[in-house]
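Everything below concerns the one structure shown next.
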Amino acid sequence: MVVLELVRADTLADPIDALPVTGEVDLAALPVGRYEDGSPWRLRLVSTHVLIAGATGSGKGSVIWSLIRALLPAIASGWVQVWALDPKRMELSFGRALFHRYACQAAAMVELLEAAIAEMHQRASQFGGRTRTFTSSTEFPFVVVLVDELAFLTAYQPERDLRKRAEAAIATLTSQAGRSGCAW
């Protein structure tokens, strides 16, 4: 089978209105935008890890803020927490009031990552052997660890000890966090 698609115009050349914020938040299908055909673009956070990458000016920030916007009702209700790492203090600082935890200095950022691991291990101890799926609540909120400029902690961090701790924390979170109510 061959599918041939002829694009006659760039449907995303003009900005589109932000999606409405509804009271319902589905962590398996968060509405963050629209495809070229107008259908909803949904992002899965539960039981997975998400990497948003692109060149400068490609719209990565739009995806991040659309994600945060889609989470607003859950953040306000207390069953989702966003822990944000913002080394440039230029992208995520606007949302500091929305974030449960925020760090912008290298040492504090590594400590935040290590705190996420401690939370993940605590939950694994508490729920291990009882359930394979995590259900978030205000007592055990779903934690989204949001890192702007990951390379700052790994490739460009001049302090060797901090870089090693960051790399170890990132490896642990990306290999284990999906089922404990933590998204990376």
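Values computed for the structure shown
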item	result
Value at 222 nm in deg cm²/dmol, rounded to 500, when DSSP H runs of n ≥ 4 in the chain each add -39,500 (n - 2.57)	-11000 deg cm²/dmol
The stretch 89-140: projected area of the alpha-carbon convex hull, averaged over directions, in nm²	4.7 nm²
The stretch 67-184 shape via C-alpha gyration tensor axes, a/c threshold 1.5	oblate
Taking the C-alpha atoms of the stretch 1-152, convex hull volume expressed per residue in Å³	166 Å³
Accessible surface, 1.4 Å probe, highest first, among residues Glu114, Glu5	Glu5, Glu114
Cut-off of 10 Å, at most 15 other beta carbons, DSSP loop: longest stretch of the chain lacking such trypsin sites (Lys or Arg not before Pro)	133-184
Pairwise FRET efficiency - Arg130 versus Met90, Cβ, R0 = 35 Å, nearest 0.05	0.25
Largest-first ordering by accessible area, 1.4 Å probe, given options Ile68, Ile52	Ile52, Ile68
For Phe142, distant residues with modelled amide H under 5 Å away	Val80, Gln81, Ser137
Förster radius 35 Å - calculated FRET efficiency between Ser58 and Leu162, Cβ distance, rounded to 0.05	0.80
Cα shape, the stretch 24-99, gyration tensor, a/c 1.5 rule	oblate
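The values are calculated or read from the model by the stated rules, or taken from the named source; none is laboratory data. A quick note: this is a predicted structure, and the numbers were derived from the prediction, not measured. Every residue, glycine among them, receives a Cβ derived from its backbone with ideal geometry; neighbour counts consider all protein chains shown. Accessible surface areas use protein heavy atoms only, side chains included; no ligands, DNA or RNA. Shrake-Rupley method; radii C 1.70, N 1.55, O 1.52, S 1.80 Å.
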